[in-house]
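*Asks:* Can you keep this structure in mind? I'll have questions shortly.
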Amino acid sequence: MLLGVIADDMTGATDVALMLNRAGMRTVQVIGVPAPGAALPEADAVVVALKSRTNPVAEAVADSLAACEALLAAGARQILFKYCSTFDSTAEGNIGPVANALMRRLGAKLAIVCPAFPANGRSIYQGYLFVGAVPLHESSMKDHPLTPMRDSNLMRLMAAQAGTEVGLVDYTTVLAGPAAVKARLAKLEADGVRYAVTDALTNEDLMTLGHAVSEQVLLTGGSGIAMGLPQNFRRAGLLPERPGPQDIQAPAGRAGIISGSCSTATRGQIKAALEAGYPALKVDPFALVEGRQDAAGLAAWALAQPADKPFLLYSSDDPAEVAAVQDKLGREKAGGIVEHAFAEAARLLAEGGVTRLLVAGGETSGATVLGLGVRTLEIGPEIDPGVPWTRVVDGPEMVVALKSGNFGAPDFFLKAWSLLR
Ligand code: ADP
């Protein structure tokens, strides 16, 4: 392995894994802290997906260090601590404390702080983070329920969280190229500065920065900073030319869709699948509670359908219906019972010969992956922005795509299959 990535949430992990994959690194995503001593799969880059953004600080630090240990043991030469491009963090951190701990573990003297992601409108100028045309603290992030961002100055934010001085690699230096950035970083390090916020407005800037940090053992930033890293390994002769994947090998077997997502995009995708004549069964939370439906029955129904079209198991409903269910059962119980049924059904479906599975819904995906006993996914081609096919590395032989609610075009459930070999 060349690059180890520690991501502070699940969708962020997929995001950075896709970025690396597109740039020609074979990438796998590991869900949760790897068990001590467990071997990580062979790949150019391994991304460990943690839930460390809003955990108590001590937990976030411990999980990140455990992930770092596993990545180093598997041969990682460089570690990227990946957080959100809007620097989502609480007043206590967790970005600063986690970065400090990784820095100590890796013996790094200085690390860059670069959440810039120009493709999504996140840019940094004079150390201030912008979301589109407005500074971070004027964007909708100011009202985020868990991580409200009320300051846009990354030097100030990082200095407060990490308890140390933070410097700047300004835009003029970035424009001057990798050598100038390197010199600036060396100067900051010599002055005893521990972190350097890097200005970046375009992908080209991220490529310059990526080039300049080839020898830094620890990097911190958003998925944008990953863009320039594969090229470093290629220049060093460590990474062969690999085109980004166009399709993915799927074992022979049946195809199906599980959807517990009630988001607008998913409901549109279900409508398109119904119109295309996919055999479909609607899952009713009340029927699950009353025992009129259960996981075994759902799986048996799916496996009994003609195999020429993917089957569709869905509980997705419009907001009024969901509210009515939640009123009667409670939000947690309603969600839990549906997730549990889908998780168990997924396990039975894999046993019954399903090898190609699309799952819609963030929570639903989490539960399904758990039900399948999957911890490691190899990233394949992107179906729609942010949603790749993945191959299960350590569970049943199958490919899965995990789609969070609002992702994907209306024909997502129709077109995804054409990327499978
Ligand atoms: P999304 O990514 O669209 O937010 P999630 O899977 O994360 O989808 O969340 C949807 C939640 O709604 C899950 O907990 C799921 O079990 C629950 N759910 C699914 N269908 C229904 C329904 N018909 N009534 C109530 N809750 C439902």
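*Asks:* Output the antiparallel fraction of DSSP beta bridges having both residues in the chain, as a percent to the nearest 5. Working shown, then result.
*Replies:* Working: 21 of 68 bridges.
Of the beta bridges lying entirely in the chain, close to 30 percent run antiparallel.
*Asks:* Can you give the net charge of the other residues whose Cβ lies under 13 Å from the Cβ of Val33, counting K and R as +1 and D and E as -1?
*Replies:* Net charge around Val33: -2.
*Asks:* If you don't mind, another one. Can you tell me the FRET efficiency between Lys142 and Asp411 if r is taken as the Cβ-Cβ distance and R0 is 41 Å, rounded to the nearest 0.05?
*Replies:* The formula returns an efficiency of 0.70 here.
*Asks:* Let me have the relative contact order for region 63-128, percent, based on Cα pairs under 8 Å that are six or more residues apart.
*Replies:* Once divided by the residue count of region 63-128, the mean separation gives 34 percent.
*Asks:* Report the relative contact order of region 108-224, percent, no decimals, based on alpha-carbon pairs under 8 angstrom and at least 6 residues apart.
*Replies:* 40
*Asks:* Can I ask one more? For region 254-419, what does the alpha-carbon gyration tensor say about shape, rounded, prolate or oblate, given a ≥ b ≥ c as the root eigenvalues, a/c under 1.5 as rounded, and a/b over b/c as prolate? Walk me through the numbers before you get to the answer.
*Replies:* Details: a/c = 1.43, a/b = 1.27, b/c = 1.12.
It is rounded, given that a/c, with a ≥ b ≥ c, falls under 1.5.
*Asks:* Let me ask you something else. For an R0 of 41 angstrom, estimate the FRET efficiency from the Cβ-Cβ distance between Ala324 and Leu175 and round to the nearest 0.05.
*Replies:* It comes to 0.10.
*Asks:* Distance in nm between label sites at Glu42 and Gln126, each 7 Å beyond Cα in the beta-carbon direction?
*Replies:* Calculated label separation equals 5.2 nm.
*Asks:* Over what distance in Å are the Cα centres of region 55-130 and region 361-390 separated?
*Replies:* Value for the Cα centre distance between the two parts: 23 Å.
*Asks:* Right, here's the next one. Gaussian network model of the chain, Cα springs within a sub-10 Å range: biggest mean-square fluctuation belongs to which of Thr390, Thr14, Thr172?
*Replies:* Thr172
*Asks:* Once you place label points 7 Å from the Cα toward the Cβ at Glu69 and Arg104, how far apart are they in nm?
*Replies:* According to this spin-label approximation, the distance is 1.4 nm.
*Asks:* Let me check I've understood the local charge: for Pro279, count other residues with C-beta under 14 angstrom from its C-beta, Lys and Arg +1, Asp and Glu -1. What total comes out?
*Replies:* +1
*Asks:* Springs between alpha-carbon atoms under 10 Å, Gaussian network over the chain: tell me which of Ala179, Ala212, Ala323 tops the mean-square fluctuations.
*Replies:* Maximum fluctuation in the GNM of the chain, among the listed residues, is at Ala323.
*Asks:* Mind counting lysine pairs for me in the chain? Cα separation below 22 Å, and the two need to be 8 or more apart along the chain or on different chains.
*Replies:* 21
*Asks:* Given the Cα-Cα distance of Glu397 and Lys187 and 0.36 nm per residue of separation, how much length would full extension add, in nm?
*Replies:* So the chain would gain 70.5 nm between Glu397 and Lys187.
*Asks:* How charged is the neighbourhood of Ala345? Take every other residue with its Cβ under 13 Å from the Cβ of Ala345, and add Lys/Arg as +1 and Asp/Glu as -1. Mind dumping the intermediate values first?
*Replies:* Details: positive: Arg347; negative: Asp294, Glu339, Glu344, Glu351.
Local charge sum for Ala345: -3.
*Asks:* Just to be sure I understand the model, the point goes 7 Å from the Cα along the line to the Cβ. What's the resulting Glu92 to Ser418 distance in nm?
*Replies:* Distance between label points: 5.0 nm.
*Asks:* Separate question: Please say if region 53-119 is rounded, prolate or oblate, where rounded means a/c under 1.5 for a ≥ b ≥ c the square roots of the C-alpha gyration tensor eigenvalues, and otherwise the choice is prolate for a/b larger than b/c and oblate otherwise?
*Replies:* oblate
*Asks:* Can I ask one more? So what's the back-of-envelope 222 nm ellipticity for the chain, counting only DSSP H runs of four-plus at -39500 (n - 2.57) apiece and dividing by all residues, rounded to 500? Show your work: numbers first, answer last.
*Replies:* On the way: 15 runs with 160 residues, N = 421.
Rounded to the nearest 500, it is -11500 deg cm²/dmol.
*Asks:* What percent antiparallel are the DSSP beta bridges of region 254-419, to the nearest 5?
*Replies:* Rounded to the nearest five, the antiparallel share is 30 percent.
*Asks:* Compute, for the chain, the length of the dipole vector about the Cα centre, with Cβ point charges of +1 (Lys, Arg) and -1 (Asp, Glu) only. Units Debye, rounded to 20.
*Replies:* 680
*Asks:* Under the definition of Cα pairs under 8 Å and six or more residues apart, what whole-number percent is the relative contact order of region 254-419? Write out the running numbers ahead of the final one.
*Replies:* Working: 310 pairs, mean separation 51.2, N = 166.
This gives 31 percent for region 254-419.
*Asks:* Have a look at Asp63, Asp170, Asp318 and tell me which one the Gaussian network model of the chain (Cα, springs below 10 Å) gives the largest fluctuation.
*Replies:* Fluctuation is largest for Asp318.
Read-outs throughout are calculated quantities, based only on the coordinates presented, and are distinct from any laboratory measurement. These numbers come from a predicted model, not from an experiment. Reconstructed Cβ throughout: ideal geometry from the backbone, glycine too, with neighbour counts over all protein chains shown.
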